[in-house]
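Here, each number is a calculation from the coordinates, and none is a lab measurement. Please read these numbers as outputs of a predicted model, since none were measured by experiment. Note that we place each Cβ from the backbone using ideal geometry, even for glycine, and neighbour counts take in every protein chain shown.
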Amino acid sequence: MADRRNHLIALDKRYVWHPYTPMQDYLRGGDPLVIERAEGSRLFDADGKSYVDGNASWWTALLGHNHPRLVRALREQAERLCHTSLAGVTHEPAARFAEAIAERCPAGLHHVFFTDNGSTAVESAVKLCAQYWQQNGRPRRTRFLSLEGAFHGETLGATALGGVEAFRRPFAALTMPVTHLPSPAQDLDRALTALSTVLAEGADEIAALVVEPLVQGAGGMRIYDAEYLRGARALTAQHDVLLVADEVFTGYGRTGTFWACERAGITPDVLCSAKGLSGGLLPFAVTVTTDRIFEGFLGGPERAFYYGHTFCGNPLGAAVSREVLAVYDDERVLDGLPERAERIRRTFEELASLGGVADARSLGMVGALDLAGESGYLERGGWEVYERARARGAYLRPLGNVVYVVPPLNIPLEDLDELLAILSDSVREVAG
Ligand SMILES: *Cc1c(COP(=O)(O)O)cnc(C)c1O
């Protein structure tokens with residue numbers, strides 16, 4: 001066992017370049033987790049030790065790992081058709097999943113553009129909005145608005161929208177100009193006033209406002225009031241600026257309702273979804289738009305959207321994603337959220353009183369706290385909690401000094417209690 005594990009680690013350290021990882025520290029540091037298999041809310045390592053997956057494997061495994069129905073849907077689809085393009089072709093998984101997701105979206109959103117990850121779902125939203133104005137009478141509308149502390153992915157358009165300085169800085173010379181507005185997670189009134197001012201002064205040159213509704217995820221699990229979304233929807237509508245909701249993290253029940261936009265009762269012009277959309281099994285994503293935007297691309301061939309990823313609409317991803325929605329219905333996943341959310345809320349409320357905790361908050365199936373001290377992705381405090389939690393049997397990858405849980409939505413209550421106990425004990429050791 002140990003030999004095999006050590007061999008894998010040696011290969012990894014020689015060949016694998018890890019995402020979001022200072023590789024010098026990684027190479028010199030201790031052993032990474034070597035995960036062999038996963039089931040439900042648990043990951044199992046090469047020594048057979050289990051870890052409660054506190055972040056649902058980068059926010060994707062919303063129904064837990066290896067849900068039998070999802071694995072079966074994947075296997076059955078793989079036996080029939082693994083891949084064909086959507087270039088002048090269609091297939092049952094894409095057509096049926098498009099119907100299913102359109103029916104789930106806020107009313108009015110029902111044209112489904114497929115991509116294969118969250119970044120490209122956002123990138124296609126940016127290009128859709130830009131081209132829409134280009135060919136529908138307002139070619140000067142080329143500027144995008146987003147929020148300070150936002151995260152929208154890795155492609156250059158998505159990077160430009162991002163409001164986390166550490167991620168954007170190396171590419172500053174390459175990215176399109178974006179106006180980063182004050183975030184409502186800091187000050188709701190100031191954020192609404194700033195948006196109102198920017199729109200009043202420059203709406204003629206603004207294509208769209210892009211937001212993560214209710215929770216700014218990778219920027220530090222910063223939660224804000226639904227009032228901002230209502231205000232932003234009213235203001236953008238008043239100035240005829242498009243509103244893009246990036247629900248890549250917040251969608252599929254994470255905040256308590258199926259879409260975070262539902263909590264505010266708003267319909268964006270464009271909605272992006274990925275991550276948990278496929279239950280965390282496959283890279284799969286959608287960008288869903290209104291009739292207005294779709295119709296803005298009708299007419300001659302020069303008006304078409306010349307954009308599409310090789311694997312867009314992949315049959316495996318579509319079949320699994322459709323089964324995800326069926327499981328949400330059949331297992332009444334959303335009905336199980338309040339009880340779990342309440343346990344998360346209580347735990348973070350208790351931790352808020354610790355001397356070494358600067359702030360703690362929760363919303364739905366998200367709980368987060370800031371360790372006292374500097375903020376920012378490069379801070380290491382959260383990693384001390386990570387190490388302690390790992391030794392106790394939980395996977396709690398932090399965002400700098402932000403320690404958080406975003407477990408599978410259907411996590412068994414006893415696993416959730418175990419996760420929260422490990423979190424509390426580990427945070428108390430570091431920040432008590
Ligand atoms: C993770 C994330 C993305 C990027 O998704 P990838 O699949 O990693 O490309 C975009 N937007 C939000 C809000 C995210 O959380």
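Quick notes
- Using every pair of distinct Cα positions in the range 201-343, the Kirkwood expression returns a hydrodynamic radius of 17.0 angstrom.
- Considering only A121, A100, A245, the Gaussian network model of the chain with Cα springs below 10 Å gives its largest mean-square fluctuation to A100.
- Net charge contributed by nearby residues that have their C-beta within less than 15 Å of D425 (K/R +1, D/E -1): -2
- With the simple spin-label model, which puts each label point 7 Å out from Cα in the Cβ direction, the N6 to Y306 separation comes to 5.7 nm.
- Residues H91, H152, sorted so that the one with the fewest Cβ neighbours within 10 Å comes first: H91, H152
- Each DSSP beta bridge with both residues in the range 70-330 is either parallel or antiparallel, and the antiparallel ones are about 45%.
- Lysines with Cα under 26 Å of K127, excluding same-chain neighbours fewer than 8 positions away: K275
- Neighbour counts of other Cβ atoms within 10 Å put C82, C272, C129 in the fewest-to-most order C82, C129, C272.
- Hz values of 3J(HN,Hα) by residue in the range 415-429 - Karplus curve (6.51, -1.76, 1.60), Gly and Pro given as x: 5, 5, 4, 5, 4, 5, 5, 5, 4, 4, 4, 5, 5, 4, 5
- Fewest-first ranking of Y228, Y252, using other Cβ atoms within 10 Å as the exposure measure: Y228, Y252
- The label point for D25 and the one for R168, both projected 7 Å from the Cα toward the Cβ, are 2.3 nm apart.
- Most to least packed among 16-27, 133-144 [average Cβ atoms within 10 Å]: 133-144, 16-27
- Count Lys and Arg as plus one, Asp and Glu as minus one, and take only other residues whose Cβ is under 13 Å from that of A304; the net charge is then 0.
- Distance between the C-alpha centres of the range 331-369 and the range 124-176: 32 Å, rounded to the whole angstrom.
- Counting charges near R345 (Lys, Arg +1; Asp, Glu -1) among other residues having Cβ under 13 Å from its Cβ returns a value of 0.
- Karplus-based coupling profile of the range 180-193, in residue order and whole Hz: 8, 8, x, 8, x, 5, 8, 7, 4, 5, 4, 5, 5, 5, with θ = phi - 60° in 6.51 cos²θ - 1.76 cosθ + 1.60 and x standing for Gly or Pro.
- Cross-link reach list, lysines versus K13, counting only Cα pairs under 21 Å and skipping chain neighbours closer than eight places: none
- Alpha carbon centroid spacing (whole Å) that separates the range 1-69 from the range 188-247: 37
- Dipole of the range 70-330, positive end: most advanced residue of T250, A121, L156 [Cβ charges, Cα centre]: L156
- As a ratio to 2.2 N^0.38 Å, the alpha-carbon radius of gyration for the range 70-330 is 0.98.
- In nm, spacing of pseudo-spin labels at N66 and W17 (7 Å Cα→C-beta vector): 3.2
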